[in-house]
Structure formats: structure tokens, C-alpha cells
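Every number in this text was worked out from the coordinates using simple rules, so none of it is lab data. For clarity, every value in this text was computed on a predicted model and none was experimentally measured.
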Amino acid sequence: MEILGIGVPEIIFVVIIALIVLGPKDMQSAGKTIGKWLRSIITSDGWKVFQQTSREIRTLPNKLMREANDEMNKIGNEINPASFLADKGSQHKKPLPRSKPYTPTAKPTSQPNNEAESPANESDQTTNA
């Protein structure tokens with residue numbers, strides 16, 4: 001879990017350093033001050049605008065893809081309106097053809113590569129020795 005790019009071990013380290021530097025009594029008042037400051041930031045109008053902009057940026061790729069798809073459909077309908085009307089009237093559309101898997105037509109010939117596979121090679125070697 002990370003908060004603003006800072007992981008749990010780093011947060012624990014910062015809290016221990018703050019406890020050593022400030023002490024337990026000042027640590028309590030510093031926590032209250034930091035809490036009030038964070039609350040004022042989160043409830044401000046600037047934070048709401050920041051959150052809204054962040055949300056829009058996250059959804060921007062999907063929005064752009066949706067708009068591009070709509071434009072492509074409009075252009076396709078303008079180019080070929082007859083097929084669009086024919087497709088619109090039919091409820092059961094014909095499935096698109098699928099590609100077939102590759103099957104080699106010629107079978108490779110297998111020849112023994114090492115001496116253990118070929119018994120003729122073993123007999124030749126014993127007679128030559």
C-alpha cells in the first residue's frame with residue numbers, strides 16, 4: 001500500500017523520527033495541526049476541482065476510443081448504406097469466417113542423425129575396427 005508514493009515502512013520511519021524529535025506531547029499537538037490542515041485542504045474547492053480533473057484524465061482514453069468508434073461507424077454507414085440497412089433488418093447475423101490453423105502439406109523425411117539411432121552404422125564401425 002502506498003500513499004503519495006510513500007510505502008508503509010517509510011511512513012513508520014517518519015513517525016519514529018518525528019516521535020524522537022518532537023516528543024510524545026508535541027507529537028499529539030502536531031498530529032492535531034496536521035489533521036486540521038488536511039481537512040481544510042480536502043474540503044476546499046481547489047481539491048474538488050483537482051479530483052474532478054483527475055477523474056476526467058483517467059476516463060479520457062475510453063472516451064476517445066468510444067468517439068473514434070462512433071465516427072468510424074458513421075463513415076462506414078456513409079460509404080455502404082445498403083449493407084447497413086440489410087444488416088440492421090436481420091436479427092441473426094452470419095458469423096465471420098475464421099482462419100484455419102496451419103498444417104504443413106509436405107511431411108519431412110526423418111533420417112537418423114546420431115549413431116545410436118542407426119543400427120547399420122554400428123555394424124559398419126565394428127567391421128572397420
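Taking each residue as 0.36 nm, the span from ARG39 to ILE57 lengthens on full extension beyond its C-alpha to C-alpha distance by 4.0 nm. Classify segment 1-43: rounded, prolate or oblate, from the alpha-carbon gyration tensor (a ≥ b ≥ c, eigenvalue square roots; a/c under 1.5 rounded; otherwise prolate if a/b is larger than b/c)? Cα axes put segment 1-43 in the oblate bin.
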